[in-house]
Amino acid sequence: MDEAVRSLSETRATIAAARSVVVKIGSSALTSMESGIDLRALNALADAIEARMRAGSDVVVVSSGAVGAGIAPLGLTKRPRDLATKQAAASVGQLALAHAWGTSFARYGRTVGQVLLTADDIARRTQHRNAQSTLDRLRALGAVAIVNENDTVATTELRFGDNDRLAAMVAHLVGADALVLLSDVDGLYDGDPRKGGATLIPEVTSPEDLDGVVAGSGGALGTGGMASKLSAARLAADSGVPVLLAAATDAAAALTGAAVGTAFAARPTRLSARKFWVRHAADTRGGLHLDAGAVRAVVDRRRSLLPAGITGIDGRFYGGDVVSLLGPDGAAVARGVVAYDSVELGEMLGRSTVELPSELQRPVVHADDLVPL
Ligand SMILES: Nc1ncnc2c1ncn2[C@@H]1O[C@H](COP(=O)(O)OP(=O)(O)O)[C@@H](O)[C@H]1O
Ligand SMILES: N[C@@H](CCC(=O)OP(=O)(O)O)C(=O)O
């Protein structure tokens, strides 16, 4: 058997057998501008998800569509572009969307729980743990989590960017074995299929498989188009989670292992959940300049960062924020969760740990919270 074919079946077999699956559904598959939520499509998705759960998998749903579902009730005629109107539409639509999922799963006596997250929830340790335990407990109680970005409080700088990325993050957060991205297109093509002449790519096993692929923008309701799906699929696959990208209308087939869509093979080892968040946290809040010895300690020897090796600070940050660690030439060498506020840290620079009062003797960035780039 040739390598690509063997790998194709391995990836698909892993997705088909996954114990824990995150299923993301795009706005374009769930909503329309004129009539909001497409209940038929939503019921068919709930049917496929319920069947997978009854077959023994835990499923977390990431559902887009809040903005799309809020357009018609507010009398708008197109997807709003400005943040305030988008947030208003999301606040109307989120309610309708949660209700629709609740009603649909109630047909099976299944309860749903709504989980709205922002990038900040993922970047900060306490919120990250709380989100994780909420999702875990919902699963343990047999309920389906319906996750979306908390659009009404997320700001432009803080946004995940799109729900494909949120889904990749959630897949890592819950330790999922597979991520299924469902859209209005039946997989990745080598060019925008709306332009014609494009060919479906059934399998992506290495970056070379994407050479020459043009991932274009999405439809009127979608946010990031194929480019965001591709980058989310690569993010998940790079961190150890295989991905299937398929049409929402093929949900039943996609969730039962049929050969539909595009499968992305996962890297064999996965980053620890914590390190994943540090590496992919939405934004860094500042930078720490390191001397050459500190760079060697944190990058080569994987040690914690101590104040003695820090020569300067950029920006204003608080304990728990993700910051960049910069080498003597100013290039980023790592990312990490800083233990102190920038003001507090300013007083500690260059000092050896033993000179500091006991409450300031924790490392500035603990090795467990530090990811070399
Ligand atoms: N190379 C490509 N392969 C597949 N689809 C593509 C490609 N380039 C652009 N697209 C478009 O991306 C759209 C899906 O993105 P989007 O509208 O954001 O979906 P969703 O709402 O599901 O997130 C498809 O409808 C398709 O027309
Ligand atoms: N939180 C937004 C999601 C926007 C989004 O990413 O949409 P999509 O590209 O359709 O997955 C909403 O619910 O409308």
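The values are calculated or read from the model by the stated rules, or taken from the named source; none is laboratory data. Quick caveat, the model's predicted, so the values are computed rather than measured. Here the Cβ is made from the backbone with ideal geometry for all residues, glycine too, and neighbour counts use every protein chain on show. Ligands, DNA and RNA are stripped out before the accessible areas are found, and what is left, the full protein with its side chains, is counted by its heavy atoms. Shrake-Rupley method; radii C 1.70, N 1.55, O 1.52, S 1.80 Å.
I need a count of the residues in region 40-73 that are more than 16 Å from ligand 1 (Cβ to nearest atom) and either touching a Phe, Trp or Tyr at 6+ places or on another chain (Cβ under 6 Å) or more than 27 Å from ALA178 (Cβ to Cβ) (or both).
4
Among the residues of region 322-329, are any touching a strand residue (DSSP E or B) at 6+ places or on another chain (Cβ under 6 Å), over 26 Å from ALA119 (Cβ atoms) and not aromatic (Phe, Trp, Tyr)?
For region 322-329, residues touching a strand residue (DSSP E or B) at 6+ places or on another chain (Cβ under 6 Å), over 26 Å from ALA119 (Cβ atoms) and not aromatic (Phe, Trp, Tyr): present.
Within region 93-109, which residues are open to solvent by 50 Å² or more (accessible area, probe 1.4 Å) and either at positive phi or not small (Gly, Ala, Ser) (or both)?
Those that are open to solvent by 50 Å² or more (accessible area, probe 1.4 Å) and either at positive phi or not small (Gly, Ala, Ser) (or both): LEU95, HIS99, THR103, ARG107, TYR108, GLY109.
Name the residue, out of ALA90, ALA13, ALA69, ALA84, that is among the hydrophobic types (A, V, I, L, M, F, W, C) and free of Cβ contacts under 8 Å to residues at least 24 places away in the same chain.
ALA84
State all residues of region 220-233 that are assigned to a loop (DSSP other than H, G, I, E, B) and either modelled with pLDDT of 95 or more or surrounded by fewer than 16 Cβ atoms within 10 Å (Cβ to Cβ) (or both); if no residue qualifies, say none. Don't jump to the end; show me each part of the working.
Going through region 220-233, the residues assigned to a loop (DSSP other than H, G, I, E, B) turn out to be 220-224.
Of everything in region 220-233, just one residue is assigned to a loop (DSSP other than H, G, I, E, B) and either modelled with pLDDT of 95 or more or surrounded by fewer than 16 Cβ atoms within 10 Å (Cβ to Cβ) (or both), namely ALA220.
For ALA236, state whether it is within 23 Å of ASP120 (Cβ to Cβ), at pLDDT 80 or above and open to solvent by less than 20 Å² (accessible area, probe 1.4 Å).
In short, yes.
Kindly list, by first and then second residue, each pair from a residue in region 198-214 that is within 22 Å of ILE15 (Cβ to Cβ) to a residue that is open to solvent by less than 60 Å² (accessible area, probe 1.4 Å) and more than 10 Å from ligand 1 (Cβ to nearest atom), limited to pairs with Cβ atoms under 6 Å and residues at least 6 apart or on different chains.
GLU203/LEU8; GLU203/ALA263; VAL204/PHE264; THR205/SER7; THR205/ALA265
Return the residues of region 174-197 that are open to solvent by less than 30 Å² (accessible area, probe 1.4 Å), of a type in the set (A, V, I, L, M, F, W, C) and either free of Cβ contacts under 8 Å to residues at least 40 places away in the same chain or more than 8 Å from ligand 1 (Cβ to nearest atom) (or both); say none if nothing qualifies.
Within region 174-197, ALA176, ALA178, LEU179, VAL180 qualify.
Taking the condition part of a helix (DSSP H, G or I) and within 12 Å of ligand 1 (Cβ to nearest atom), does ARG165 pass? Give the derivation first.
Numbers: part of a helix (DSSP H, G or I): yes; within 12 Å of ligand 1 (Cβ to nearest atom): yes.
When the stated conditions are applied, ARG165 passes them.
Could you tell me which residue of region 118-154 is most open to solvent (accessible area, probe 1.4 Å), considering only residues that are in a strand (DSSP E or B) and over 29 Å from ASP369 (Cβ atoms)?
In this case the residue turns out to be ILE146.
Suppose we keep only residues that are out of contact with any Gly (no Cβ under 6 Å at 6 or more places or on another chain) and at pLDDT below 90 within region 155-164. Which one would you say is most open to solvent (accessible area, probe 1.4 Å)?
Top of the filtered list is GLU157.
Go through region 239-274 and count every residue that is open to solvent by less than 10 Å² (accessible area, probe 1.4 Å), assigned to a loop (DSSP other than H, G, I, E, B) and of a type in the set (Val, Ile, Thr).
1
Search region 12-36 for residues being of a type in the set (S, T, N, Q) and open to solvent by 40 Å² or more (accessible area, probe 1.4 Å), and hand back the single one that is farthest from ligand 2 (Cβ to nearest atom).
Once the filter is applied, the top-ranked residue is THR14.
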